[in-house]
Amino acid sequence: MSASFFSDTVPLILIVDDDEVIRLLLRQFLEGEGYRVDEAVDGQQALHKLTAESSFDLIIMDIAMPGADGPAVCQSITSSIDNAPPVLMITALDDEAFVDRSYQAGAVDYIRKPIHWSVLKNRIRYILGSHRAKLELEFLSRQYEMILDAAANGICGVDEHQIISYINPAGLAMLGYDQEALSGVPYSQVFKVSMPGSEEFDLDCCPFFHDDTMIASRHFDEVRMLRQDGTSFPADFRATPILRREKVAGGVIVFQDVTERQQAAEMIRYMANHDSLTNLPNRNYLRKRLPQAISLAMRHDRLLCLLFVDLDRFKPINDTYGHGIGDIVLRKVAQRLTKILRSSDSVCRLGGDEFVILLESASAVEGAELVAEKAIETLNEPIEAGDHICYIGASIGISIFPRDCEDAETMLRNADIAMYEAKQQGRNRWQRFTGKERPMATF
């Protein structure tokens, strides 16, 4: 992670599980990865620790616990604690209802038992990175708001004859005028304002001069204002009448250029739905997009194909060359997968070395199989990363709506099951979902 106000802190992770063996295994693994670790045996103890200690960066919680189960505890955490840390659920159950409840309660993700430690490691790194990026954006947003509050807005005084009597330097700069140019000019010739969605700059921003019934302050949120040179900018705009003996004797106009605020809001929306490493849509985007795509496929009576892509031989690259080289490989994987798709199709990064391809343009199952073959072919080509030549591959699971699933969660799970089967059959291949569940194992 780049230098930031979090850069010197070691993440603190809370393990919540009633199984002492699981807690021990998780603690040994997490401490081996350099994290600080605390434990709770149940939800009540976890809530107590969270109340007493506000610096947890992540909670890893078992879904099935005696008393209050994981989803119930997660609901309590997210509803009662401000800026609650993200919750990663762990389950040995193949219970869709538990998983749905976990997401509804605010969990950010889940993994299955038996735990694949490499998957857990990358999942934790992704969650922590995303959470800290969110906190940084919130911190910067608060700082930005403080700066805006302290900055000088544009301020203009209008006399009883509707003539501009005063405008401050900030207002002059925003509108592109100098002081002399506005001497003796009516406000209506300078303040050209349009409502959102309109291209007509004909809004009367001081209606109280013309209508005695409209003597309240008028606030226009994110209108557009014309500059002297004909360009425009988004602004928050307020006009307040000056009353004398209940008659309008002038007005005060206060306005602010909100271009940067809009850009910041757009950036926050973008980052919430995109992976910061590859710029691909992320798990959050897929969770919203997949149900929409299923609804469209159902409405138009067509197929929807989902390919779950898990890279082969990626872990040795990270272990041998370091995560910097691994990140380069992931970015190039994202570029290669994007290039093989049509504009109507998309690829998302779920986290770690897992990707999902969503095919909305396939007219037949064979189209999904062809894309899977192309993906494997392009990922088998050597990848140049720094001074290294890296060789990976991909195991791909394919799920088809409506042939083997009825909803988004089932579709994603079926593709994951098929991908697991492809790995079991030797990796570097694709596999359609056949209805065969993953084998379950216990510690």
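The values are calculated or read from the model by the stated rules, or taken from the named source; none is laboratory data. All of these numbers come straight from a predicted model, not from anything done at the bench. Here Cβ is always computed from backbone atoms with ideal geometry, including for glycine, and neighbour counts include all displayed protein chains.
Would you check if there is a residue in region 237-250 being within 30 Å of L137 (Cβ to Cβ) and either of a type outside the set (D, E) or not assigned by TED's automatic domain parsing to the domain that holds K192 (or both)?
Our first condition is that a residue be within 30 Å of L137 (Cβ to Cβ); within region 237-250, this holds for 237-238.
Pick out the ones that are also either of a type outside the set (D, E) or not assigned by TED's automatic domain parsing to the domain that holds K192 (or both) and you get 237-238.
Checked against the condition, which is being within 30 Å of L137 (Cβ to Cβ) and either of a type outside the set (D, E) or not assigned by TED's automatic domain parsing to the domain that holds K192 (or both), region 237-250 yields at least one hit.
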Go through region 402-424 residue by residue and tally those that are buried (at least 19 other Cβ atoms within 10 Å of the Cβ) and polar (S, T, N, Q).
1
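Does at least one position in region 40-56 carry a residue that is under 30 Å from Y420 (Cα atoms) and either in contact with a helix residue (DSSP H, G or I) (Cβ under 7 Å, 6 or more places away or on another chain) or not assigned by TED's automatic domain parsing to the domain that holds R123 (or both)? Let's see the steps before the verdict.
Here is the first cut: in region 40-56, the ones under 30 Å from Y420 (Cα atoms) are none.
Within region 40-56 (the criterion being under 30 Å from Y420 (Cα atoms) and either in contact with a helix residue (DSSP H, G or I) (Cβ under 7 Å, 6 or more places away or on another chain) or not assigned by TED's automatic domain parsing to the domain that holds R123 (or both)), the answer is no, since none of the residues qualifies.
Report yes if I81 is surrounded by fewer than 17 Cβ atoms within 10 Å (Cβ to Cβ) and in contact (Cβ under 8 Å) with a residue 12 or more places away in the chain, otherwise no.
When the stated conditions are applied, I81 passes them.
I'm trying to understand the selection: among the residues of region 116-131, which are over 23 Å from the mean Cα position of the chain (by Cα) and either touching a residue at least 40 places away in the same chain (Cβ under 8 Å) or within 19 Å of N284 (Cα to Cα) (or both)? Before the answer, list the steps.
Filtering region 116-131 for residues over 23 Å from the mean Cα position of the chain (by Cα) gives 116-118.
Scanning region 116-131 gives W117, S118.
Could you say which residue among A92, A107, A72, A97 is over 20 Å from the mean Cα position of the chain (by Cα), among the small types (G, A, S), within 29 Å of F29 (Cβ to Cβ) and at pLDDT 85 or above?
Values: A92 fails: at pLDDT 85 or above; A107 fails: over 20 Å from the mean Cα position of the chain (by Cα); A97 fails: at pLDDT 85 or above.
Every option except A72 fails the conditions.
So, in region 206-246, exactly how many residues are hydroxyl-bearing (S, T, Y) and part of a loop (DSSP other than H, G, I, E, B)? Lay out the reasoning, then the answer.
Filtering region 206-246 down to residues hydroxyl-bearing (S, T, Y) leaves 213, 217, 231-232, 240.
Narrowing the set further to residues that are part of a loop (DSSP other than H, G, I, E, B) leaves 213, 217, 231.
Result for region 206-246: 3.
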If you check I147 against the conditions, is it among the β-branched types (V, I, T) and either at pLDDT 85 or above or in a strand (DSSP E or B) (or both)?
no
Within region 5-43, tally of residues that are at pLDDT 85 or above and within 30 Å of E138 (Cα to Cα):
17
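Would you check if there is a residue in region 249-258 being without any contact (Cβ under 8 Å) to a residue 24 or more places away in the chain and either surrounded by fewer than 18 Cβ atoms within 10 Å (Cβ to Cβ) or among the β-branched types (V, I, T) (or both)? Give the derivation first.
Within region 249-258, the first condition is being without any contact (Cβ under 8 Å) to a residue 24 or more places away in the chain, and the residues that meet it are none.
No, region 249-258 has no match at all.
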Selected residue [outside any helix (DSSP H, G or I) and among the basic types (K, R)] from R413, R403:
R403
Give me the pairs, please: first residue somewhere in region 31-56 and loosely packed, with under 12 Cβ neighbours inside 10 Å, second residue anywhere and among the aliphatic types (A, V, I, L, M), beta-carbon distance under 7 Å, and either six or more positions apart or on two chains.
G34/V10; S55/L12
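If we scan region 376-383, do we find a residue that is of a type outside the set (G, A, S) and in a strand (DSSP E or B)?
Step one: filter region 376-383 for residues of a type outside the set (G, A, S), giving 376-383.
Cutting the leftovers down to in a strand (DSSP E or B) gives us 383.
Among the residues of region 376-383, at least one is of a type outside the set (G, A, S) and in a strand (DSSP E or B), which makes the answer yes.
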Only unsatisfied item for N273, checking (1) surrounded by fewer than 19 Cβ atoms within 10 Å (Cβ to Cβ); (2) more than 30 Å from R224 (Cα to Cα); (3) at pLDDT 90 or above, is (2)
Those residues of region 93-112 which are surrounded by 18 or more Cβ atoms within 10 Å (Cβ to Cβ) and assigned to a loop (DSSP other than H, G, I, E, B), in sequence order:
A107, V108
